[in-house]
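A short worksheet on the structure shown next.
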Amino acid sequence: MRNEPVAACAPTAENTWVLVCTYRRNDLLAQLLLSLRSVRMPPDATIAQPQLIVVDNAPEPTAQHLVGCHYPGAVYVHEPRPGIATARNASLDALPLDAAAVIFVDDDEQVTPNWFTHLLSAALESSADAVGGPVLPVFDHGEPEWVRTYGYVRRTDFPSGPHQRRLATNNTLVLADWFHPARHGGRGYRFDETFNFIGGSDSELFERMMRAGAHYWWCAEAVVTEHVPADRATQHWLRRRALRGGQVRAAKRQLRSADSRPAAAAFAVAAEGLARASYGAVRRFGRRFRGHSVTYTDDYYLCEGLGMLQAVIGRGGAEYARKN
């Protein structure tokens, strides 16, 4: 990789890097690498497949051989320090200084053939700071019947064009200037390791970018699919996810209130958590009273509020903490 900084330039196939963090999911990682090797490159590309950095966050470098065999030319980084934010930062630290853009994807996803070209085209046409695309869930045993009325986590219902919502790292291109060191003319952004084990470091970073003036774009054609194992295809898992969302929301609010008194910040988090939980409870009661099915959105407000309250009293979980 080149180490000399160059002037900022438009993203191309040659200067855009795909970043993947993985942790003991070699079977899924192999499928992702195969899909990346199968993408159709832009007509003017001088390389046969996207540039790739893989960060292995396992204690031992268990994915090194797999990456070398399945994606020759990929940059493999072993980052044994635990935590998803730490792993993501390691991928940014490995980025060459002449990179114009990065694309974040997860190790349990597979990209579609025209995905790479669509993201690059959208970035060039929009001049946006970041471009996101849909993530379609693929269930182990087919989509459960209850999803029709309850709902599921989906990122597919936006038309191509300006995007006012925050993005995530499961299918997003970002201009590399946001991550290059300040001494080389970049902004030096990194993922906050406060969120290493509760998740949410990506949403916190994209919210921080928005506050700094970043403009986002949505590309409905740049599709990836996400593997959903059986243990995640349950309403119980979705409610646990919403609880964790409340803990993440509380952590973000406490970070923004770092200069205020701890008691005042905790009170503000508790008040918001109580308001959200109450709103969710009213929504659930109202739907039940009218004979309608409770939806994931109803449960999300309730569980997110409860998660914020748990965080205030120190009972929040750490879903991504390693089990010894």
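The values are calculated or read from the model by the stated rules, or taken from the named source; none is laboratory data. As the structure is a computational prediction, the values presented were derived from the model and not from experiment. We place every Cβ from the backbone using ideal geometry, glycine too, and count neighbours over all the protein chains shown. Accessible surface is based on the protein model in full, side chains and every heavy atom, while ligands, DNA and RNA are left aside. Shrake-Rupley method; radii C 1.70, N 1.55, O 1.52, S 1.80 Å.
Structure values in brief
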quantity: Long-range neighbours under 8 Å by Cβ, at least six apart or interchain, first residue closer than 28 Å to Pro229 by Cβ within region 9-29, second open to solvent by 20 Å² or more (accessible area, probe 1.4 Å) and among the basic types (Lys, Arg); calculated: Leu19/Arg88; Cys21/Arg88
quantity: Test for Ala268: is it closer than 21 Å to Gln310 by Cα, touching an Asp or Glu at 6+ places or on another chain (Cβ under 9 Å), surrounded by 14 or more Cβ atoms within 10 Å (Cβ to Cβ) and free of Cβ contacts under 8 Å to residues at least 40 places away in the same chain; calculated: no
quantity: Selected residue (criterion: nearest to His292 (Cα to Cα)) from residues of region 151-181 that are outside any loop (DSSP other than H, G, I, E, B) and either open to solvent by 70 Å² or more (accessible area, probe 1.4 Å) or among the aromatic types (Phe, Trp, Tyr) (or both); calculated: Pro162
quantity: Filter result for Val138 (at pLDDT 95 or above and either among the polar types (S, T, N, Q) or open to solvent by 30 Å² or more (accessible area, probe 1.4 Å) (or both)); calculated: yes
quantity: Residue in region 243-258 that is over 30 Å from Val39 (Cβ atoms), of a type in the set (Gly, Ala, Ser), modelled with pLDDT under 95 and surrounded by fewer than 17 Cβ atoms within 10 Å (Cβ to Cβ) present; calculated: yes
quantity: Qualifying position, being open to solvent by 70 Å² or more (accessible area, probe 1.4 Å) and among the basic types (Lys, Arg), among Arg232, Arg240, Arg276, Arg287; calculated: Arg240
quantity: Breaking point among (1) within 22 Å of Gly200 (Cβ to Cβ); (2) touching a helix residue (DSSP H, G or I) at 6+ places or on another chain (Cβ under 9 Å); (3) of a type outside the set (Asp, Glu), for Arg155; calculated: (2)
quantity: Only one of Arg315, Arg288, Arg283 that is free of Cβ contacts under 8 Å to residues at least 24 places away in the same chain, in contact with a Phe, Trp or Tyr (Cβ under 8 Å, 6 or more places away or on another chain) and not hydrophobic (A, V, I, L, M, F, W, C); calculated: Arg283
quantity: In region 104-127, the residues that are in contact with a Pro (Cβ under 8 Å, 6 or more places away or on another chain) and of a type in the set (A, V, I, L, M); calculated: Leu120, Ala123, Leu124
quantity: Strands (runs of 3 or more DSSP E) wholly inside region 1-115 containing at least 1 residues that are modelled with pLDDT of 95 or more and open to solvent by 60 Å² or more (accessible area, probe 1.4 Å); calculated: 75-78, 109-111
quantity: First in region 226-248 and over 24 Å from Gly142 (Cβ atoms), second anywhere and among the aromatic types (Phe, Trp, Tyr) and open to solvent by less than 40 Å² (accessible area, probe 1.4 Å), Cβ under 9 Å, 6 or more apart; calculated: Val248/Phe195
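Okay, residues lined up against (1) surrounded by 17 or more Cβ atoms within 10 Å (Cβ to Cβ); (2) over 12 Å from the mean Cα position of the chain (by Cα); (3) free of Cβ contacts under 8 Å to residues at least 40 places away in the same chain; (4) not in a loop (DSSP other than H, G, I, E, B):
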position	(1), (2), (3), (4)
Leu124	no, yes, no, yes
Val131	yes, yes, no, yes
Thr149	no, yes, no, yes
Arg183	no, yes, yes, yes
Arg190	no, yes, no, no
Ile198	yes, yes, no, no
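Okay, residues lined up against (1) of a type outside the set (Val, Ile, Thr); (2) under 18 Å from Val153 (Cβ atoms); (3) assigned to a helix (DSSP H, G or I):
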site	(1), (2), (3)
Ala242	yes, yes, yes
Ala251	yes, no, yes
Ala265	yes, no, yes
Ala270	yes, no, yes
Leu274	yes, no, yes
Phe285	yes, no, yes
His292	yes, no, no
Tyr300	yes, yes, yes
Gly307	yes, yes, yes
